[in-house]
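Structure record follows, encoded as structure tokens.
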Amino acid sequence: QVQLVESGGGLVQAGGSLRVSCIVSGRMSSINYMSWYRQAPGKVRDLVAMITRTDSTTYSDSVKGRFTISRDNAKNMVYLQMNDLKSEDTAVYYCAARSLLTTYWGLGTQVTVSS
């Protein structure tokens, strides 16, 4: 089992920055890659960014160049640095850990961008 807890969400003005964090605990050896997803009201949950064991990263087109995913293995943390935030970035942000057979999810942290 893997447990994920997100933190760092909040209210920020458009153009501002915010960093959300995810602390990972449990069977770390089973995790193949870590991801951040987001879900806005009335919309599906979308992939925002992903980082593999070898630190290869992938981003959705909507955040490329503005968001950065990173990890600190010593602290069992995964981060999402968000710059130049836009109102359309408003959503609940979820941390996810993918193992061979399943995906583990955190409860999410709300990010609200005011215009």
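The values are calculated or read from the model by the stated rules, or taken from the named source; none is laboratory data. This one's a predicted model, so the numbers in the text were calculated from it and none came from an experiment. Cβ atoms come from the backbone with ideal geometry, glycine included; neighbour counts cover every protein chain shown. All accessible areas refer to the heavy atoms of the entire protein, side chains included, with ligands and DNA or RNA removed. Shrake-Rupley method; radii C 1.70, N 1.55, O 1.52, S 1.80 Å.
Structure above, values below:
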item: Qualifying positions in segment 60-70 - open to solvent by less than 20 Å² (accessible area, probe 1.4 Å) and either touching an Asp or Glu at 6+ places or on another chain (Cβ under 6 Å) or closer than 24 Å to Ser29 by Cα (or both); result: Ile69
item: Whichever residue in segment 28-46 is surrounded by 13 or more Cβ atoms within 10 Å (Cβ to Cβ) and part of a loop (DSSP other than H, G, I, E, B) and, among such residues, is farthest from the chain's Cα centre (by Cα); result: Ile31
item: Filter result (without any contact (Cβ under 8 Å) to a residue 40 or more places away in the chain, surrounded by 15 or more Cβ atoms within 10 Å (Cβ to Cβ) and of a type in the set (Gly, Ala, Ser)) within segment 71-104; result: none
item: Filter pass, Lys86 being within 23 Å of Gln3 (Cα to Cα) and of a type outside the set (Phe, Trp, Tyr); result: no
item: Within segment 1-22, tally of residues that are of a type outside the set (Ser, Thr, Tyr) and either at pLDDT below 95 or out of contact with any Gly (no Cβ under 9 Å at 6 or more places or on another chain) (or both); result: 10
item: Number of positions in segment 47-59 that are farther than 13 Å from Tyr33 by Cβ and open to solvent by 30 Å² or more (accessible area, probe 1.4 Å); result: 1
